Amino acid sequence: SSHIEVTISSVAPMAFVLAAAPHQDSGLLIRPPLESPPQCPRGFHHRGPAARASHLVAPLAVALAVWSRRHRCRASGDAARRWQRRLLASVSRRAGAAQASGMNLWNVQFGVQDPGVSLPAGVERGAAPQRLELSAEQVSRFQEDGFILIPGAMRHWVEYLREVADYQVENPHSLAINASRSGSYEYIHINCWMTNDGIRDFFYFSPLGHVLAQLGQTEEVRISTDNLLVNPKKCFGWHQDNQTGPIDSDIALRFWASMDPCSPGAGAPEYVLGSHRGSTTARDVCYVEGVENGGATIERPEVQPGDLLVWHARTVHRLVVPPGIPFARGATQRRVISGTAVKEGGTYWRRTTSGVMGDAAGHDLRDGEPLGGPYFPRIYPEPLEAEVRARASGELVARSPFKVFERKFQAQLEAWAAQLPWAAAPQR
């Protein structure tokens, strides 16, 4: 099989083994626990003595992987021992990096997680998404500047999102280990909506979709990818967000819902107004230079909890974090749920360089096909029932290394073939 199906409720330590084997062509197929009702899959929680005892199998899991690999290997005993050393060294490096980021490795989770947080007052599960009317002046300003801050747009969701985010950090998902160990954030989780019911419900029921539809002047909004970002540790230079999913940045909107206050130079993004218009930067280029040498108008917003920042994916911006990393759990934090939304008519773009990890899920879309289906869920005007059922039943493969390799290899092969003298001009 090309997938690993996880159907038990406490297998966290095996994350070390999966993390240590990036060469495997295996995906993680999200399945709810067998004892859960199909219509409401529960999370994978560690509860009770048996669950706590399960953490003791981490050394056994690693030993088992070493043993099985050695006995399958036809190489000499020396080769097997070299593989064992490489495996254990990889485990040590990855675990050490994740531990240094503050991740609770002894509570790593697999599969779908349910934080068990009640929806905000007045929000009913299954109801239509909330609405928030913007003024014509706000929409016009966004079209001109490529950026807008909407004060308090998500204020009724702040406490809910804080509880969901804190749950996720205390119960880190195995799919967040590699990104978090990079050191850019204390915790970063890509496509969190696929595995966290709380983030999923925020997209389903909050006014986010309605706000994005007005700003993008579109009749439909879909989510391309999302990121739970907790406590940045590094600065990000001037860049545009064409790396955040398998879509062309010209039809993409970026959103940033804040749970904590942050200020310019201390965790709040800064934007070059109007930089999305007439951009000559290639669509597959991320970082740009010379921004502050050309008399650009730079917006440095003060952000409060519940504020919503939206910008065109081509808008040049940066994030500045002061030395000393002032963010710490339980004290001064900076928690954000951000992501990329797609306007109606968006098509799938198979990435070859930037944005590959924003296209790691197990979908079967081909280059140029309409972007849709349960992996890119519609949130406005309302979620589609078939997509909701697919997410609830555990059909989604949130991370498929095999798919990532296949997409990148095919795209690069086609690009190479297009350079041959007899190749026809590419059609797009």
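The values are calculated or read from the model by the stated rules, or taken from the named source; none is laboratory data. Please read these numbers as outputs of a predicted model, since none were measured by experiment. All Cβ positions, glycine included, derive from the backbone under ideal geometry; neighbour counts span all protein chains shown. Accessible surface is based on the protein model in full, side chains and every heavy atom, while ligands, DNA and RNA are left aside. Shrake-Rupley method; radii C 1.70, N 1.55, O 1.52, S 1.80 Å.
G358 meets the conditions (1) farther than 30 Å from E144 by Cα; (2) in a helix (DSSP H, G or I); (3) modelled with pLDDT under 85 in every case but one. The failed one is (1). Exactly one residue out of T225, T218 is farther than 26 Å from G122 by Cβ and modelled with pLDDT of 95 or more, and it is T218. Scan region 178-198 for residues that are assigned to a strand (DSSP E or B) and not acidic (D, E) and the total you get is 6.
So that you can scan it fast, the table gives a plain yes or no per residue for (1) touching a residue at least 12 places away in the same chain (Cβ under 8 Å); (2) among the charged types (D, E, K, R):
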{"position": "D359", "(1), (2)": "yes, yes"}
{"position": "L371", "(1), (2)": "yes, no"}
{"position": "Y375", "(1), (2)": "yes, no"}
{"position": "Y380", "(1), (2)": "yes, no"}
{"position": "A386", "(1), (2)": "yes, no"}
{"position": "V404", "(1), (2)": "yes, no"}
{"position": "F409", "(1), (2)": "no, no"}
{"position": "Q412", "(1), (2)": "yes, no"}
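Residues that are out of contact with any helix residue (DSSP H, G or I) (no Cβ under 7 Å at 6 or more places or on another chain) and in a strand (DSSP E or B) within region 114-150 comprise F147, L149, listed in sequence order. Selection within region 184-213: residues that are open to solvent by 10 Å² or more (accessible area, probe 1.4 Å) and hydrophobic (A, V, I, L, M, F, W, C). The member of this set that is nearest to G339 (Cα to Cα) is I190. So, in region 296-354, of the ones that are part of a loop (DSSP other than H, G, I, E, B), of a type in the set (S, T, Y) and open to solvent by less than 70 Å² (accessible area, probe 1.4 Å), which residue ends up modelled with the lowest pLDDT? Looking at residues that are part of a loop (DSSP other than H, G, I, E, B), of a type in the set (S, T, Y) and open to solvent by less than 70 Å² (accessible area, probe 1.4 Å), I get S354. Residues of region 264-276 that are open to solvent by 30 Å² or more (accessible area, probe 1.4 Å) and modelled with pLDDT of 90 or more: L273 alone.
Answer yes or no: is there a residue in region 199-214 that is assigned to a loop (DSSP other than H, G, I, E, B) and in contact with a helix residue (DSSP H, G or I) (Cβ under 7 Å, 6 or more places away or on another chain).
Filtering region 199-214 for residues assigned to a loop (DSSP other than H, G, I, E, B) gives 206-207.
From what's left, in contact with a helix residue (DSSP H, G or I) (Cβ under 7 Å, 6 or more places away or on another chain): 206.
So far as region 199-214 goes, yes, one or more of its residues are assigned to a loop (DSSP other than H, G, I, E, B) and in contact with a helix residue (DSSP H, G or I) (Cβ under 7 Å, 6 or more places away or on another chain).
Working only within region 159-175, note down all residues that are surrounded by 20 or more Cβ atoms within 10 Å (Cβ to Cβ) and either closer than 18 Å to H210 by Cβ or in contact (Cβ under 8 Å) with a residue 60 or more places away in the chain (or both). Working first, answer last.
Step one: list which residues in region 159-175 are surrounded by 20 or more Cβ atoms within 10 Å (Cβ to Cβ), which gives 160-161, 164-165, 168-169, 172-175.
Y160, L161, A165, Q168, V169, P172, H173, S174, L175, listed by residue number.
Residues being under 22 Å from H363 (Cβ atoms) and small (G, A, S): count how many of those fall in region 152-208. Number of matching residues: 3.
Would you check if I150 is within 22 Å of A398 (Cβ to Cβ), touching a Leu at 6+ places or on another chain (Cβ under 9 Å) and in contact (Cβ under 8 Å) with a residue 12 or more places away in the chain? Here the answer is no, as I150 does not meet what is asked.
Going by what's in this entry, would R181 be described as closer than 21 Å to G358 by Cβ and surrounded by fewer than 22 Cβ atoms within 10 Å (Cβ to Cβ)? Break it down into steps so the answer makes sense when it comes.
Details: closer than 21 Å to G358 by Cβ: yes; surrounded by fewer than 22 Cβ atoms within 10 Å (Cβ to Cβ): yes.
When the stated conditions are applied, R181 passes them.
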